[in-house]
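One structure is given below, encoded as structure tokens.
Just so it is clear, none of the values below were taken in a lab; they were calculated from the coordinates. These numbers were taken from a predicted model, which means no experiment stands behind them. Virtual Cβ from ideal backbone geometry, glycine too; neighbours counted across all protein chains shown.
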Amino acid sequence: MTSAPSLADALKARLIVSCQAPPGDPMRHTDTLVRMTLAARSGGAAAVRVNDPEVVAATVAAVDLPVIGLWKDGDSGVFITPTVRHALALVEAGAAVVAADATARPRPDGSTFADLVEAVHAAGAQVMADVSTFDEGVAAAGRGADLIGTTLSGYVPGSPVQTAPDLALVADLAAALTTPVIAEGRIATPEQAARALAVGAHGVVVGTAITAPTVLTRVFVEGLTP
Ligand SMILES: CC(=O)N[C@H](C=O)[C@@H](O)[C@H](O)[C@H](O)COP(=O)(O)O
């Protein structure tokens, strides 16, 4: 008898599409975001990454793919699933994986990342640690994270600000860890996604380049400005 593939197996060498829209964006509309996840599935994505428990629940109901849920609350400091309460709300909404900030910064409820991992595991889901540096990735793996994402490199002081994806961080973490490393952040072309796998990524998350028409339109408009 063959057992069902693990979540990590299902993500191996595959694309995860991040379907999110910032506050104020016309695409920030639950049904619209769910439609984007359905389009991602039609295009061959292995999983989707979505923000907010309401969108997680609607996506879980509509799309037969693993849902990586996060809850952005605020816009400074630790704001991606900042507390245990946020994490458990995502599990309650049906997320298979809870993505959470695993940087070294203090969390607003005084909890630790290890507390969040323990609570999410006890509730039956997995954790994707969003990190900005090598040391944070190693620490998150040591605290039991199931996936390590390079999501926050370039967005937290102490990590390199660049327009390209941080494939050096992907490579360094993949070489050091047995925990699967997911390349995420500023992957803008299929070639960059393939390169991420070539340097050791287990899977690749792409957001803006697929699901952000407002940003992509602006890039073209600015390209036409002399
Ligand atoms: C830094 C931060 O808040 N990143 C967020 C994390 O969920 C999203 O805004 C990004 O779109 C996502 O990481 C995918 O990255 P990109 O859109 O560059 O492909």
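Side notes on the structure shown:
- Residues within the stretch 161-173 that are buried (at least 23 other Cβ atoms within 10 Å of the Cβ) and of a type in the set (A, V, I, L, M, F, W, C), tallied: 3
- Of the residues screened, LEU70 is one that is of a type in the set (A, V, I, L, M) and within 16 Å of the ligand (Cβ to nearest atom).
- Residues of the stretch 35-45 classified as crowded, with 19+ Cβ neighbours inside 10 Å and either farther than 19 Å from THR208 by Cβ or in contact with a Cys (Cβ under 8 Å, 6 or more places away or on another chain) (or both), total: 3
- Scanning the stretch 17-38 for residues that are among the aliphatic types (A, V, I, L, M) and either away from the ligand (no atom under 16 Å from the Cβ) or assigned to a loop (DSSP other than H, G, I, E, B) (or both) yields a total of 4.
- Flag for ALA62 being under 22 Å from GLY142 (Cα atoms) and without any contact (Cβ under 8 Å) to a residue 40 or more places away in the chain: no
- Among all residues of the stretch 113-121, there is at least one that is crowded, with 23+ Cβ neighbours inside 10 Å, of a type outside the set (D, E, K, R), touching a Ser or Thr at 6+ places or on another chain (Cβ under 8 Å) and within 20 Å of ALA8 (Cβ to Cβ).
- For the stretch 126-151, a residue qualifies if it is surrounded by fewer than 23 Cβ atoms within 10 Å (Cβ to Cβ) and at negative phi, and the qualifying residues are GLN126, THR133, PHE134, ASP135, VAL138, ALA139, ALA141, GLY142, ARG143, ASP146.
- Checking each residue in the stretch 63-75 for being closer than 19 Å to ALA8 by Cβ and in a loop (DSSP other than H, G, I, E, B) picks out ASP64, LEU65, PRO66.
- Check on ASP101, buried (at least 19 other Cβ atoms within 10 Å of the Cβ) and acidic (Asp, Glu): yes
- Options VAL60, VAL56, VAL78, VAL50: the member that is closer than 21 Å to ALA102 by Cα and part of a helix (DSSP H, G or I): VAL56
- Remark: THR208 matches the filter, which requires a residue to be of a type in the set (S, T, N, Q), under 15 Å from THR151 (Cα atoms) and surrounded by fewer than 19 Cβ atoms within 10 Å (Cβ to Cβ).
- Taking the criterion of being surrounded by fewer than 24 Cβ atoms within 10 Å (Cβ to Cβ) and under 15 Å from the mean Cα position of the chain (by Cα), the residues of the stretch 74-90 that qualify are VAL78, PHE79, ILE80, PRO82.
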